[in-house]
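Take a look at the structure set out below.
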Amino acid sequence: SNYYRYNGSKGEVWTRTQAAATAIITNGVVTGVKITNAGAGYSSNPVITVKGAGGIVTATATISYTEDFKTNGSITAITIK
């Protein structure tokens, strides 16, 4: 079905919504992340980098694939490295 096909050379891409999250800080250290908007349209797990006074914290987001275009490729979890 052409409904599921996109032509990248013509600028056609899946609908994308940028995800958002808030760092949870305890005693000046990032101890977790709260997803405030799961976003959509991610095709691979994004790597997250947060720069702060204490240095750089990296994390990896886990994404979920669904048949619903509004939630396909959305972030379901964020793991601090």
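Values in this text are rule-based calculations from the coordinates and carry no lab data. It should be emphasised that the depicted structure is a prediction, and the values quoted were computed from it without experimental measurement. Glycine gets a Cβ as well: all are built from the backbone with ideal geometry, and neighbour counts include every protein chain shown.
Cross-link candidates for residue 70: which lysines have Cα within less than 25 Å, leaving aside residues fewer than 8 places away along the same chain?
10, 34
Given points 7 Å out from each Cα along the Cα-Cβ axis, report the residue 68 to residue 22 separation in nanometres with one decimal.
Placing both labels 7 Å along Cα→Cβ, they lie 2.3 nm apart.
Where does the stretch 26-81 land on the Kirkwood hydrodynamic radius, alpha-carbon pairs, in angstrom?
Radius from the Kirkwood sum: 12.2 Å.
Taking 0.36 nm per residue of sequence separation and subtracting the Cα-Cα distance, how much length would be gained by fully extending the chain between residue 36 and residue 15, in nm to one decimal?
Values: separation 21, 0.36 × 21 = 7.56 nm, distance 1.90 nm.
Value of the extension gain: 5.7 nm.
Given the Cα-Cα distance of residue 60 and residue 43 and 0.36 nm per residue of separation, how much length would full extension add, in nm? Intermediate results must be reported in sequence, preceding the final value.
On the way: separation 17, 0.36 × 17 = 6.12 nm, distance 1.37 nm.
My answer for the length gained is 4.8 nm.
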